Amino acid sequence: MKVKVLLFADLREVAGQGELALELPEGSTVGGMLRAIEGIYPALAGRLPQVKVAVGRRLAGPEAVIRPGEEVALLPPVGGG
Amino acid sequence: MKVKVLLFADLREVAGQGELALELPEGSTVGGMLRAIEGIYPALAGRLPQVKVAVGRRLAGPEAVIRPGEEVALLPPVGGG
Amino acid sequence: MDQVELTRSPIDVGRVLSGISDPECGAQVLFLGTVRGVEDGERIEYLEYEAYEEMAREELFRLCQRLRARWPEIRKVAIVHRLGRVGVGEAAVLIALSAPHREGTFPALAYAVKELKETVPIWKKEVGEKGARWKPAK
Amino acid sequence: MDQVELTRSPIDVGRVLSGISDPECGAQVLFLGTVRGVEDGERIEYLEYEAYEEMAREELFRLCQRLRARWPEIRKVAIVHRLGRVGVGEAAVLIALSAPHREGTFPALAYAVKELKETVPIWKKEVGEKGARWKPAK
């Protein structure tokens, strides 16, 4: 399945783009997606341990399954205010 | 000595005036002044136990001595804000 | 820098906030006390504030000193209190302070409001549909 | 009633305060976070805020719900956050709330600011004389 992954802040700058277009097996988890990104985008790898993942605009743990069409985002440590 | 005593809020309304002009012996204390007021202005007497006294714009206890010319005020329970 | 004001005019919040701004301060907190339209089920018409003005100003400056003694990081403090008649919905008191960082500003603000109500010679007469009464701090 | 806003325009404090006023509320508290001109000795030029806007709005509304669950006496909440470039001295965030009485409003405000900084997907790039860096919440 195709998964669109939104990038923000330093991740966006490091990747040089605001989103990644991934092709993942159906039933992939958040953890599986992160391992895939690590392989495909080595520039992002070092930052992934600090990143939280939102699926459908909600934080999701590594075991969470990504359903087709869901909006996925990588969130570096936030700092509003 | 002559002592001018400022009144506020309900004390002012009950007394029908914003200040009392007292004649007190030199060396009078705050406590002595309150007893004098109790005698001269019976309408105020019931309220005096809740009143604080300021001498020279500072709170003063019953033993404090009032010096000639000092500004004295009776402060009912405050309620700003 | 402490700004203390007793006024018979409406409180201009924007002006007070500008007054406490400081290039080294990232945190401003503000308390605005307004007149409620109903108290214990009674419709209120207005409040009437009276002060022992000279002493009230001095007590407000002393309150600022106590604030700074407990929270030395505070840079600017402004306290404005209305006198005379204040209508429902209008602001009767404003306390604002600024500091480089926010830690400490919230308890400092809570302390300032409590101390103002309990120690400053200002009195409030509540005028409602059932009559008028002087209301001490709870 | 919760008002949540992400905006590229300067924050109008007066308008927000009007929005949280309520005839039953005697207490309004407000936090204004402004951009400091110096950080760790470095002169700052501006901050640049970026958000995952749709999620940030949803998180801000969830933050309002948590506030109301802990402090049910809160009547109105307003949270406004700037996006894009914000200059030194300008307000980057405003949080304001109203309640009938002041008790609870100070810790509620402190909680809201902390939660906003830690849970809402907004990022801040600090641009100073030594360069630019993304700054997570401390």
Average other protein chain Cβ within 10 Å of Cβ, residues A:33-45: 0
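Where nothing but the Cβ of Lys and Arg (+1) and of Asp and Glu (-1) is charged, how large is the charge dipole of the protein assembly as shown around its Cα centre, in debye to the nearest 20?
On the way: 62 positive and 62 negative charges, 70 e Å.
Dipole magnitude for the protein assembly as shown comes out near 340 debye.
Could you quote the convex hull projected area for the protein assembly as shown, Cα atoms only and averaged over all directions, in nm²? Before the final figure, lay out the partial values.
On the way: hull surface 100.3 nm².
The number I arrive at for the protein assembly as shown is 25.1 nm².
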Set of lysines near A:Lys2 by C-alpha distance (under 21 Å), chain-local residues within fewer than 8 positions excluded: A:Lys52
Per-residue HN-Hα couplings for the range C:36-48 [Karplus 6.51, -1.76, 1.60; θ = phi - 60°; Hz; x = Gly/Pro]: 6, x, 9, 10, 6, x, 9, 6, 9, 8, 6, 10, 10
Mean-position separation - Cα centroids, the range B:1-52 and the range A:1-64, in angstrom: 78 Å
Selected from D:Gly19, D:Leu63, D:Val35, residue furthest toward positive end of dipole (the range D:1-105; charges at beta carbon): D:Gly19
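If the viscosity is 1.306 mPa s and the temperature 10 °C, what translational diffusion coefficient in µm²/s does Stokes-Einstein give for the range D:58-128 when Rh comes from Kirkwood over Cα pairs?
Details: Rh = 13.2 Å.
Result for D is 120 µm²/s.
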Cα-only Debye scattering, the range A:2-75: base-10 log of I(q)/I(0) at q = 0.28 Å⁻¹: -1.64
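To the nearest 20 debye, what charge dipole does chain B have about its Cα centre, counting +1 at the Cβ of each Lys and Arg and -1 at the Cβ of each Asp and Glu? Walk me through the numbers before you get to the answer.
On the way: 9 positive and 9 negative charges, 31 e Å.
Result for chain B is approximately 140 debye, rounded to the nearest 20.
How do B:Met1, D:Met55 line up, fewest other C-beta atoms within 10 Å first? Write down the numbers at each step before the final one.
Values: B:Met1 14, D:Met55 22.
Ascending Cβ contact count within 10 Å gives the list B:Met1, D:Met55.
Determine the calculated [θ] at 222 nm for the protein assembly as shown from helices alone, applying -39500 (n - 2.57) to every DSSP H run no shorter than 4 residues and normalising by the residue count; nearest 500 deg cm²/dmol. Intermediate values should be presented prior to the final figure.
Details: 12 runs with 126 residues, N = 438.
Per the formula, -8500 deg cm²/dmol.
As a test of understanding, state the convex hull volume per residue of the range D:9-138 from its alpha carbons, in Å³. Don't skip to the answer; put the middle values down first.
Numbers: hull volume 13.6 nm³, N = 130.
Measuring per residue, one finds 105 Å³ for the Cα hull of the range D:9-138.
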Exam field: A:Pro25 pseudo-label spacings to other copies (7 Å along Cα-Cβ), nanometres: 10.4
Local electrostatic count at C:Glu54 - Lys and Arg +1, Asp and Glu -1, tallied over other residues with Cβ under 11 Å: -2
HN-Hα J in Hz across the range D:22-31 - Karplus 6.51, -1.76, 1.60, θ = phi - 60°, x for Gly and Pro: 7, x, 8, 9, x, 10, 10, 10, 8, 10
Inter-copy label distances at B:Glu63 (7 Å, Cα→Cβ; nm, one decimal): 7.1
Neighbourhood net charge (13 Å Cβ-Cβ; Lys/Arg +1, Asp/Glu -1) for B:Ala36: 0
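Taken together, the values in this text are just the output of simple stated rules run on the coordinates, not laboratory data. Just so it is clear, the model here is predicted, and its values are computed rather than measured. Heads up, the Cβs are rebuilt from the backbone with ideal geometry, glycines too, and the neighbour counts pull from every protein chain shown.
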